[in-house]
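Below: the structure, in structure tokens.
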Amino acid sequence: MLQLQTIRENKESIITALKKRNIDAEPMLSKIIELDEKRRSIQTELDATLAESNKLSKEIGMLFKSGKAQEANTLKEKTAGLKEASKQLGDDLNVTAAALQEQLYQIPNVPHESVPAGNTDEDNEEIFREGDIPPLEEGALPHWELAKKYDIIDFELGVKVSGAGFPVYKGKGARLQRALISYFLDKNTEAGYTEVQPPLMVNEASGYGTGQLPDKEGQMYHVTADDLYLIPTAEVPITNLHRDDILAESDFPIKYTGYTPCFRREAGSYGAHVRGLNRLHQFDKVEIVRMEHSNNSYAALDEMVEHVKGLLQDLKLPYRILRLCGGDLGFTSALTYDFEVFSTAQDRWLEISSVSNFETFQANRLKLRFKDENGKSQLAHTLNGSALALPRVLAGILENYQTKDGIKIPEVLVPYCGFEVID
RNA sequence: AGAGAGGUGGCCGAGUGGUCGAAGGCGCACGCCUGGAAAGUGUGUAUACACCAAAAGUGUAUCGAGGGUUCGAAUCCCUUCCUCUCUGCCA
């Protein structure tokens, strides 16, 4: 959510920046400014009315105490009109503030200046590429065939137990999955991220805090009996650890990492691109989350990108980094780098990490602030990234490391797996 | 799930209709004291919004949330959320 003051002061530049998202924000912003002006004028009037009313009440109290009941009763009559007026103004204020809030929730974050304009993923800008694409032998298989061949992931069993998109990992497949989680957590911890195990269900306030609500309500599983939501990413509970906090500058940087399953309804997904591990209702992910001083968040973002690069270099997977264009940028993000691994057997790139700076967009909803050197509160910046999302890393490993003698395990994972090959 | 207790400032905790944004304590900050520290001592120490160019200042709101009674509510009434304890159930 953008800050009102920012909108008031930078309306034109916000409109220009939002054009990169192919949004004409002019009508919305004008509406917001209009509502804000209305709200302020009502507030001023209401405050004056209440002040008058408070003053009279005090006088009445004094008069009663000193036994001048008659004078007090005279004053009482004067308060009736004030009371009526403040009730009316209060209602107006509530209506206006609610309308304003609703408008504000609809404005996406302002893209960073480096974000390219564009409509679709075609317009994303590749900024880095590394790793060799392995020459595969005749008869190389996509991961869902490999999963079946070596009996390491059973999609049909998942269908029986839950439904499509809930795979069952078995044997060495399950072990490899666990190895990846441990490996990522270890690397993240080494890089200074504090490991946390957050709740997997969150309340409504948390959903609003990070921006899943109200915009993406349909994408989360809603446990209606208790009004909780299954987390679509660890970003939600971890970022909300600091909801309503006022930090000291010395608290920065705040760095967390956490492994969680993630639950996504993925309504509307279908087709070949969602086969196998490509798109699931439940998947595992290790996330990194940071809270930063506003003047350090882009340095932090770069650091996160370097860190994720390190993970992929270790796994020796061919990958590229994209700077998302305005049209592909998430609602809450100011700048996002997507990491994609090349899946050789599918001959396509698979997104395995998304690293974003939200600037103050989430912090404004979270009321996550810090005291600056002048003792003033200002909003912190929040960032997060996958380090990494498991299923597609797994898909990449299975497909890129396949040989006719089985699937080799990347060297760094062997100590975690306890075996060198899946055969 | 049943019964009970309770939600007050960073924390603890007092406050049952008016002078309460809220005693007292702890913590924290700054100063004094000290060779230095501790102790002692003094001062300060919530957030949001509005007015003001801004600072200063002023006003308004906030004692879980929402509503009501009243000239006036932390205090009374209603609704709701949450927490804790015991019982039950269960990993």
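Some values worked out for this structure:
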item: Some residue of the stretch A:42-55 being within 9 Å of RNA strand B (Cβ to nearest atom) and more than 46 Å from the chain's Cα centre (by Cα); result: yes
item: Within the stretch A:178-209, tally of residues that are within 21 Å of A:HIS307 (Cβ to Cβ) and not aliphatic (A, V, I, L, M); result: 14
item: Enumeration of residues in the stretch A:362-386 that are under 13 Å from A:HIS242 (Cβ atoms) and more than 10 Å from RNA strand B (Cβ to nearest atom); result: A:GLN362, A:ALA363, A:ARG365, A:LEU366, A:LEU368, A:PHE370, A:ALA380, A:HIS381, A:THR382, A:LEU383, A:ASN384
item: Tally of residues being open to solvent by 30 Å² or more (accessible area, probe 1.4 Å) and of a type in the set (Val, Ile, Thr) across the stretch A:339-398; result: 1
item: Helices (runs of 4 or more DSSP H) completely within the stretch A:127-216 that count 1 or more residues being farther than 30 Å from A:LEU2 by Cα; result: A:143-149, A:155-161, A:171-190
item: Single match in A:GLU113, A:GLU138, A:GLU126, A:GLU130 (criterion: closer than 23 Å to A:LEU18 by Cβ, open to solvent by 50 Å² or more (accessible area, probe 1.4 Å) and away from RNA strand B (no atom under 12 Å from the Cβ)); result: A:GLU113
item: Filter result for A:PHE263 (of a type in the set (Phe, Trp, Tyr), more than 16 Å from RNA strand B (Cβ to nearest atom) and surrounded by fewer than 21 Cβ atoms within 10 Å (Cβ to Cβ)); result: no
item: Single condition A:PRO27 does not satisfy, out of (1) over 30 Å from A:SER114 (Cβ atoms); (2) more than 9 Å from RNA strand B (Cβ to nearest atom); result: (1)
item: Residue that is surrounded by fewer than 16 Cβ atoms within 10 Å (Cβ to Cβ) and either under 25 Å from the mean Cα position of the chain (by Cα) or among the hydrophobic types (A, V, I, L, M, F, W, C) (or both), where the choices are A:PRO198, A:PRO214; result: A:PRO214
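The values are calculated or read from the model by the stated rules, or taken from the named source; none is laboratory data. As the structure is a computational prediction, the values presented were derived from the model and not from experiment. Glycine gets a Cβ as well: all are built from the backbone with ideal geometry, and neighbour counts include every protein chain shown. Ligands, DNA and RNA are excluded from the accessible area calculation, which covers all protein heavy atoms including side chains. Shrake-Rupley method; radii C 1.70, N 1.55, O 1.52, S 1.80 Å.
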